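First comes the structure, then the notes that go with it.
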Amino acid sequence: MNFSEEERRERALKIFEILKSEYPNARCLLDYKNPFELLVATILAAQCTDERVNMATVNLFKEYPNPESMAEAEREKLEALIRSTGFYRNKAKSLINVSKALVERYSGKLPETVEELASLPGVGRKTGNVVAGNCFGKPAIIVDTHVKRVALRLGLCRETQPDKIERELKKLILEKDETHFSYVLNFHGRYVCKARKPSCGTCPVKDLCPSSETGGQIL
(Lines give C-alpha, C1' and ligand atoms only; values in the text may rest on other atoms or scores of the structure.)
Protein backbone atom coordinates (compact mmCIF):
# COMPACT_ATOMS: atom_id res chain seq x y z
CA MET A 1 0.00 0.00 0.00
CA ASN A 2 1.46 3.35 -1.03
CA PHE A 3 1.19 6.39 1.22
CA SER A 4 2.35 9.89 0.44
CA GLU A 5 5.21 11.29 2.48
CA GLU A 6 2.81 13.61 4.29
CA GLU A 7 0.51 10.70 5.17
CA ARG A 8 3.46 8.68 6.42
CA ARG A 9 4.69 11.63 8.49
CA GLU A 10 1.27 12.05 10.16
CA ARG A 11 1.03 8.34 10.91
CA ALA A 12 4.62 8.17 12.15
CA LEU A 13 3.94 10.92 14.68
CA LYS A 14 0.78 9.19 15.92
CA ILE A 15 2.59 5.86 16.16
CA PHE A 16 5.48 7.48 18.01
CA GLU A 17 3.19 9.03 20.61
CA ILE A 18 1.45 5.72 21.26
CA LEU A 19 4.64 3.65 21.43
CA LYS A 20 6.37 6.18 23.70
CA SER A 21 3.65 5.53 26.25
CA GLU A 22 3.73 1.78 25.63
CA TYR A 23 7.52 1.52 26.09
CA PRO A 24 8.60 4.28 28.50
CA ASN A 25 11.93 2.54 29.12
CA ALA A 26 12.84 1.98 25.46
CA ARG A 27 16.61 2.28 25.20
CA CYS A 28 19.81 0.58 24.17
CA LEU A 29 20.05 -2.75 26.03
CA LEU A 30 23.80 -3.15 25.68
CA ASP A 31 25.84 -2.44 28.82
CA TYR A 32 28.54 0.19 28.43
CA LYS A 33 30.33 2.91 30.39
CA ASN A 34 31.81 4.93 27.53
CA PRO A 35 31.64 5.29 23.72
CA PHE A 36 34.40 2.75 23.09
CA GLU A 37 32.60 0.09 25.11
CA LEU A 38 29.37 0.71 23.20
CA LEU A 39 31.21 0.51 19.88
CA VAL A 40 32.71 -2.85 20.84
CA ALA A 41 29.43 -4.19 22.23
CA THR A 42 27.53 -3.20 19.10
CA ILE A 43 30.05 -4.96 16.87
CA LEU A 44 29.71 -8.08 19.03
CA ALA A 45 25.90 -7.87 18.90
CA ALA A 46 25.82 -8.76 15.20
CA GLN A 47 23.83 -12.01 14.97
CA CYS A 48 23.91 -12.32 18.75
CA THR A 49 21.58 -11.36 21.58
CA ASP A 50 22.26 -8.30 23.71
CA GLU A 51 22.07 -10.48 26.81
CA ARG A 52 24.87 -12.76 25.62
CA VAL A 53 27.00 -9.79 24.60
CA ASN A 54 26.57 -8.22 28.03
CA MET A 55 27.80 -11.41 29.67
CA ALA A 56 30.88 -11.53 27.42
CA THR A 57 31.88 -7.88 27.79
CA VAL A 58 32.22 -8.03 31.58
CA ASN A 59 35.58 -9.82 31.31
CA LEU A 60 36.41 -8.37 27.91
CA PHE A 61 36.46 -4.78 29.16
CA LYS A 62 38.49 -5.74 32.22
CA GLU A 63 41.16 -7.09 29.90
CA TYR A 64 40.87 -4.47 27.15
CA PRO A 65 39.38 -1.24 28.55
CA ASN A 66 40.40 1.07 25.70
CA PRO A 67 41.43 1.17 22.02
CA GLU A 68 45.13 1.18 22.89
CA SER A 69 44.95 -2.13 24.77
CA MET A 70 42.62 -3.81 22.28
CA ALA A 71 44.76 -2.72 19.33
CA GLU A 72 47.61 -4.75 20.87
CA ALA A 73 45.46 -7.75 21.82
CA GLU A 74 46.62 -11.27 21.07
CA ARG A 75 44.10 -12.63 18.56
CA GLU A 76 43.66 -16.01 20.27
CA LYS A 77 43.12 -14.46 23.69
CA LEU A 78 40.58 -11.99 22.34
CA GLU A 79 38.77 -14.75 20.44
CA ALA A 80 38.45 -16.80 23.62
CA LEU A 81 36.85 -13.89 25.48
CA ILE A 82 34.21 -13.28 22.79
CA ARG A 83 33.70 -16.86 21.59
CA SER A 84 30.18 -17.03 23.07
CA THR A 85 28.96 -14.18 20.83
CA GLY A 86 29.43 -16.24 17.64
CA PHE A 87 31.53 -15.53 14.54
CA TYR A 88 34.27 -14.78 17.05
CA ARG A 89 37.18 -14.97 14.61
CA ASN A 90 35.74 -12.28 12.32
CA LYS A 91 34.64 -10.19 15.28
CA ALA A 92 38.08 -10.37 16.89
CA LYS A 93 39.66 -9.23 13.64
CA SER A 94 37.17 -6.33 13.42
CA LEU A 95 37.78 -5.26 17.02
CA ILE A 96 41.55 -5.20 16.58
CA ASN A 97 41.31 -3.33 13.27
CA VAL A 98 38.87 -0.71 14.53
CA SER A 99 40.97 -0.19 17.67
CA LYS A 100 44.10 0.33 15.59
CA ALA A 101 42.25 2.83 13.40
CA LEU A 102 41.06 4.74 16.46
CA VAL A 103 44.60 4.95 17.82
CA GLU A 104 46.13 5.93 14.48
CA ARG A 105 43.47 8.37 13.26
CA TYR A 106 42.00 9.79 16.46
CA SER A 107 44.60 9.18 19.19
CA GLY A 108 42.30 6.60 20.80
CA LYS A 109 39.29 8.91 21.09
CA LEU A 110 36.08 8.10 19.25
CA PRO A 111 34.88 10.61 16.66
CA GLU A 112 31.39 11.96 17.30
CA THR A 113 29.72 12.03 13.88
CA VAL A 114 27.96 9.12 12.22
CA GLU A 115 29.96 9.65 9.04
CA GLU A 116 33.33 9.46 10.81
CA LEU A 117 32.27 6.49 12.92
CA ALA A 118 30.89 4.65 9.88
CA SER A 119 34.21 5.16 8.07
CA LEU A 120 36.04 3.04 10.65
CA PRO A 121 36.86 -0.52 9.53
CA GLY A 122 34.03 -2.95 10.19
CA VAL A 123 31.66 -0.34 11.60
CA GLY A 124 29.04 0.89 9.09
CA ARG A 125 26.11 3.24 9.56
CA LYS A 126 24.06 1.15 11.98
CA THR A 127 26.87 0.91 14.52
CA GLY A 128 27.81 4.53 13.87
CA ASN A 129 24.25 5.60 14.60
CA VAL A 130 24.12 3.53 17.80
CA VAL A 131 27.23 5.23 19.19
CA ALA A 132 26.46 8.73 17.90
CA GLY A 133 22.86 8.63 19.12
CA ASN A 134 23.50 7.16 22.56
CA CYS A 135 26.87 8.67 23.48
CA PHE A 136 27.05 11.98 21.63
CA GLY A 137 23.42 13.08 21.37
CA LYS A 138 23.47 13.14 17.58
CA PRO A 139 20.30 12.58 15.52
CA ALA A 140 20.36 8.86 14.74
CA ILE A 141 17.93 6.49 13.07
CA ILE A 142 19.20 3.03 14.05
CA VAL A 143 17.97 0.47 11.52
CA ASP A 144 18.36 -2.99 13.02
CA THR A 145 16.26 -6.04 12.09
CA HIS A 146 13.44 -5.02 14.45
CA VAL A 147 13.22 -1.43 13.19
CA LYS A 148 13.32 -2.57 9.57
CA ARG A 149 10.52 -5.11 10.07
CA VAL A 150 8.27 -2.76 12.05
CA ALA A 151 8.79 0.20 9.73
CA LEU A 152 7.92 -1.91 6.68
CA ARG A 153 4.84 -3.48 8.29
CA LEU A 154 3.60 -0.06 9.41
CA GLY A 155 4.04 1.29 5.90
CA LEU A 156 6.46 4.00 7.08
CA CYS A 157 8.95 3.17 4.35
CA ARG A 158 9.03 1.51 0.96
CA GLU A 159 12.70 0.61 0.79
CA THR A 160 14.26 -2.58 2.15
CA GLN A 161 17.93 -1.57 2.35
CA PRO A 162 18.91 -0.24 5.81
CA ASP A 163 20.63 2.91 4.52
CA LYS A 164 17.58 3.78 2.40
CA ILE A 165 15.19 3.01 5.28
CA GLU A 166 17.24 5.37 7.44
CA ARG A 167 16.86 8.17 4.90
CA GLU A 168 13.11 7.59 4.57
CA LEU A 169 12.48 7.57 8.32
CA LYS A 170 14.54 10.74 8.78
CA LYS A 171 11.97 12.55 6.66
CA LEU A 172 9.16 11.58 9.04
CA ILE A 173 10.53 12.37 12.50
CA LEU A 174 12.03 15.46 14.11
CA GLU A 175 15.81 15.24 14.49
CA LYS A 176 15.61 15.46 18.27
CA ASP A 177 13.36 12.39 18.37
CA GLU A 178 15.24 10.14 15.96
CA THR A 179 17.12 8.00 18.50
CA HIS A 180 14.10 7.62 20.78
CA PHE A 181 11.90 6.76 17.79
CA SER A 182 14.37 4.04 16.79
CA TYR A 183 14.20 2.44 20.21
CA VAL A 184 10.42 2.44 20.57
CA LEU A 185 10.22 0.72 17.17
CA ASN A 186 12.93 -1.68 18.33
CA PHE A 187 11.05 -2.55 21.52
CA HIS A 188 7.80 -2.97 19.60
CA GLY A 189 9.57 -5.40 17.27
CA ARG A 190 11.06 -7.32 20.18
CA TYR A 191 7.89 -7.73 22.21
CA VAL A 192 4.84 -7.39 19.94
CA CYS A 193 5.60 -7.11 16.23
CA LYS A 194 7.75 -10.24 16.18
CA ALA A 195 9.14 -11.75 13.00
CA ARG A 196 7.27 -15.06 13.01
CA LYS A 197 4.15 -14.44 15.06
CA PRO A 198 3.29 -10.75 15.47
CA SER A 199 0.62 -10.10 18.11
CA CYS A 200 -1.57 -8.04 15.81
CA GLY A 201 -4.69 -8.58 17.90
CA THR A 202 -3.24 -6.82 20.93
CA CYS A 203 -1.00 -4.34 19.10
CA PRO A 204 -1.50 -0.77 20.38
CA VAL A 205 -0.99 0.68 16.88
CA LYS A 206 -2.99 -1.88 14.90
CA ASP A 207 -5.47 0.80 13.75
CA LEU A 208 -2.55 2.62 12.12
CA CYS A 209 -0.99 -0.49 10.61
CA PRO A 210 -1.80 -1.58 7.04
CA SER A 211 -0.43 -5.07 7.82
CA SER A 212 -2.60 -5.77 10.87
CA GLU A 213 -5.30 -7.56 8.90
CA THR A 214 -2.78 -9.87 7.21
CA GLY A 215 -0.97 -11.12 10.30
CA GLY A 216 2.04 -8.96 9.60
CA GLN A 217 2.32 -9.66 5.90
CA ILE A 218 3.63 -6.54 4.22
CA LEU A 219 1.23 -5.15 1.64
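Under 30 Å from Tyr191 (Cα atoms), within 19 Å of the chain's Cα centre (by Cα), outside the structural domain of Asn129 (by TED's automatic domain parsing) and not charged (D, E, K, R): is that true of Leu19 in this structure? Yes, satisfied.
For the stretch 1-34, how many residues are part of a helix (DSSP H, G or I) and either surrounded by 19 or more Cβ atoms within 10 Å (Cβ to Cβ) or among the aromatic types (Phe, Trp, Tyr) (or both)? Break it down stepwise before answering.
The initial filter retains those residues of the stretch 1-34 that are part of a helix (DSSP H, G or I), namely 5-22.
The next check asks that each one be either surrounded by 19 or more Cβ atoms within 10 Å (Cβ to Cβ) or among the aromatic types (Phe, Trp, Tyr) (or both); those that pass are 8, 11-12, 15-16, 19.
Total satisfying the criteria: 6.
Taken as a whole, the condition of being crowded, with 20+ Cβ neighbours inside 10 Å and more than 11 Å from the chain's Cα centre (by Cα) does not apply to Val192.
No other residue among Leu152, Leu185, Leu172 is touching a residue at least 24 places away in the same chain (Cβ under 8 Å), surrounded by 21 or more Cβ atoms within 10 Å (Cβ to Cβ) and more than 21 Å from Ala45 (Cβ to Cβ) apart from Leu172. If the condition is being surrounded by fewer than 23 Cβ atoms within 10 Å (Cβ to Cβ), of a type in the set (A, V, I, L, M, F, W, C) and closer than 18 Å to Asp177 by Cα, then the stretch 102-136 contributes Cys135, Phe136.
Is there a residue in the stretch 49-70 that is without any contact (Cβ under 8 Å) to a residue 12 or more places away in the chain, closer than 22 Å to Val184 by Cβ and not in a helix (DSSP H, G or I)? Yes, because at least one residue in the stretch 49-70 is without any contact (Cβ under 8 Å) to a residue 12 or more places away in the chain, closer than 22 Å to Val184 by Cβ and not in a helix (DSSP H, G or I).
Would you be able to tell me the number of residues in the stretch 40-61 that are farther than 25 Å from Ser107 by Cα and not basic (Lys, Arg)? Even if it seems obvious, please write down each step before you answer.
We begin by selecting, within the stretch 40-61, every residue farther than 25 Å from Ser107 by Cα; these are 45-56.
Next, from what is left, pick out any that are not basic (Lys, Arg): 45-51, 53-56.
Number satisfying all stated conditions: 11.
The set of residues from the stretch 62-83 being crowded, with 17+ Cβ neighbours inside 10 Å and within 16 Å of Tyr106 (Cα to Cα) comprises Pro67, Met70, Ala71.
Within the stretch 173-219, being of a type in the set (D, E, K, R) and part of a helix (DSSP H, G or I) holds for Glu175, Lys176, Asp177, Glu178, Arg190, Lys206, Asp207, Glu213. Inside the stretch 14-49, residues that are of a type in the set (S, T, N, Q) and closer than 17 Å to Ser99 by Cβ make up a count of 2. Return a yes/no flag: does the stretch 137-158 have any residue that is under 17 Å from the mean Cα position of the chain (by Cα), within 23 Å of Leu19 (Cα to Cα), of a type in the set (Asp, Glu) and not in a helix (DSSP H, G or I). Yes.
Among the residues of the stretch 85-101, those that are closer than 16 Å to Cys48 by Cα and either within 20 Å of the chain's Cα centre (by Cα) or crowded, with 22+ Cβ neighbours inside 10 Å (or both) comprise Thr85, Gly86, Phe87, Tyr88, Asn90, Lys91, Ala92, Ser94, Leu95. Of all residues in the stretch 76-133, how many are touching a residue at least 24 places away in the same chain (Cβ under 8 Å), of a type in the set (Gly, Ala, Ser) and assigned to a loop (DSSP other than H, G, I, E, B)? Counting residues in the stretch 76-133 that are touching a residue at least 24 places away in the same chain (Cβ under 8 Å), of a type in the set (Gly, Ala, Ser) and assigned to a loop (DSSP other than H, G, I, E, B) gives 3.
The values are calculated or read from the model by the stated rules, or taken from the named source; none is laboratory data. All values derive from a computational prediction rather than experimental measurement. Glycine also receives a Cβ, built like all others from the backbone with ideal geometry; neighbour counts cover every protein chain displayed.
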